[in-house]
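So the structure is just underneath, and the comments pick up after that.
The values are calculated or read from the model by the stated rules, or taken from the named source; none is laboratory data. The structure presented is a predicted model; accordingly, all values stated were derived computationally and were not measured. Note that we place each Cβ from the backbone using ideal geometry, even for glycine, and neighbour counts take in every protein chain shown. These accessible areas exclude ligands, DNA and RNA; they are computed on the full protein's heavy atoms, side chains included. Shrake-Rupley method; radii C 1.70, N 1.55, O 1.52, S 1.80 Å.
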Amino acid sequence: MRDDASDHDPARKSRRRRPPASGSESVGELAARARASEERYRLLFEANPQPLLVFDSETFEVLAANAAAHAHFACSPGELVGRSIVELRPPEDVPALLAYLQAPPEERPRGKVWRHLRHDGRVLAVEVHSHTIRFAGRQATVAVLHDVTARRQLEEELVQAQKMEAVGRLAGGMAHDFNNLLTAITGYCDLASRRLQQGHSVADDLGEIRRAAERAARLTRQLLAFSRKQVLQPEVIDANDVVREVEAMLERLVGDDVRLLTRLSPEAGRVRVDRMQLQQVLLNMAVNARDAMPDGGRLTIETSGVQVDEELARLHAGVRPGPHVVLAVSDTGIGMDAATRKRIFEPFFTTKESGKGTGLGLSMAYGFITQSEGAIWVYSEPGKGTTFKIYLPRIEAPEASPTGHQVPAAAPAAAGGERVLVAEDEPAVRELVSRLLRRQGYRVVVAASGAEALAVAAAAERFDLLVTDVVMADMDGRRLAAALRRTAPGLPVVFMSGYSQESAPGLRELAGGDHFLQKPFTADDLAARVRQALAG
């Protein structure tokens, strides 16, 4: 039976009909505000340009993902929800991920960089910031993802460039010192050979020593090429012409089981490089490609013209914005892993069997291309072949080609008893040069350092010529020449160095009366350069 007493209870009736207090909200208004707030946060979540994931902290199931997250993982909308975040990592990274997730939140490092596996198989380096939240009544984690793949790639390229620069300085120093030894070896071989009668049995032995020294000199030239201290003879040439010039040679080189394809773009353009060196780079790469395809395959050489913008230049160390010519050399061989790719341009590094390579071919290519203001990169994966890409600045107009600094081919004129001061801190080279010059009729005074040369000059009569090493411990040859010319203006100088003129300290441009002789040199080279300096 219905109890109607309550309808006559004034207090109860008053409580039921009391209007909302000032400043308070009805349940409907609170719900509306909650829905509006939820909508704002949903919009912020969905429209956020940063990839965002929400996943269950216990099961690791993805509960929500925004549009940027779907683009990040290269999957269609809705494909992430319901999956475990374990599936979004490379398999080898899963143990470390599980250990991280099972640690207490306060012990997890912030901003940790992980690798993410996209739907298309590409692996990204991602910086992850995560926070614990409540989501749909569950303990969850929201993760903010920041793709740092490009930054990591640039950092690796910068580290590699610094490493190559350090190795290059070491290689250049070794080549410089070794050229001093080769100068003595070849010079004394020449002296000994001239003292022997024709047909003497020892002459053949000296000839073998001489030929071994010449082979060693070629190795030092390769080291100088890697360290960007070789002598180049650049000229403006069409990149396609270089490929055509070596195409027939490449076909013979790679053999019948490797198919050679060339795809030359007529818009590729011209570059300013040493033609012979660029041809040698292509030959070295073809040899490496052939060795990487023991069962045959395809070698492709392509040219193209590209415009390197600021963004691409930022992504690759050593490249400047502007028009470039790209030469790409690709093979279908065995490919390389990441560890090999990182060392591929180091001198003496090779993956070939002992005795089948010096390990200098690609290091020489790296040095030559860098010295030509270009860049070279390698793209390779095990089983997927290898592509080398060479970027060289495109030249819009022909330029005059320098003639280089060559030792005169003409026979030297006879010496007239001129006084020559020889300053050289390497004893073997100092003794050799003085003996060669005395044999040619010059009056020679030697000094083992720049300071000793100044003391000798101060105590002696005027010299007709200074022959000096560029790099000496106490005083370099350029400073020595300048000091001597203060009391002997116009004194001719022959600078000697194991480096090229372009890379010897302070000798890129020679002053009047200056001449350059690169080690190792022969007796005839020295005689010709000395006579040229005295005649000038």
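Per-structure values
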{"read-out": "Segment H119-V86, extension gain: residue separation times 0.36 nm, minus the distance between their alpha carbons", "value": "10.5 nm"}
{"read-out": "Karplus 3J(HN,Hα) series, Hz, for the range 364-381 with 6.51 cos²θ - 1.76 cosθ + 1.60 (x for Gly, Pro)", "value": "5, 4, 4, x, 5, 5, 5, 5, 8, 6, x, 8, 9, 10, 10, 10, 6, 9"}
{"read-out": "Simple label model, 7 Å out from Cα along Cβ direction - A482 to D257, nm", "value": "6.2"}
{"read-out": "Calculated from backbone phi, Karplus (6.51, -1.76, 1.60) coupling profile of the range 184-192 in Hz, x at Gly/Pro", "value": "5, 4, 5, x, 5, 4, 5, 4, 5"}
{"read-out": "Area projected by the alpha carbon convex hull of the range 47-129, averaged over all directions, nm²", "value": "5.3"}
{"read-out": "Protection-proxy order for peptides 50-60, 71-81, each taking the mean of Cβ atoms within 10 Å per residue, highest first", "value": "50-60, 71-81"}
{"read-out": "Percent accessible area from carbon and sulfur atoms, the range 37-119, protein chains only, probe 1.4 Å", "value": "57"}
{"read-out": "Contour excess over end-to-end distance, with Cα ends at L44 and R152 and 0.36 nm allotted per residue", "value": "36.0 nm"}
{"read-out": "Solvent accessible area, Å² - S372, 1.4 Å probe, full protein context", "value": "20"}
{"read-out": "Modelled FRET efficiency - R0 41 Å, V94 with E310, Cβ distances, 0.05 increments", "value": "0.60"}
{"read-out": "Residue-by-residue Karplus 3J(HN,Hα) for the range 236-245, coefficients 6.51, -1.76, 1.60, Hz, glycine and proline x", "value": "7, 9, 7, 4, 5, 4, 4, 5, 5, 5"}
{"read-out": "V446 long-range amide H proximity, modeled H, under 5 Å", "value": "V422"}
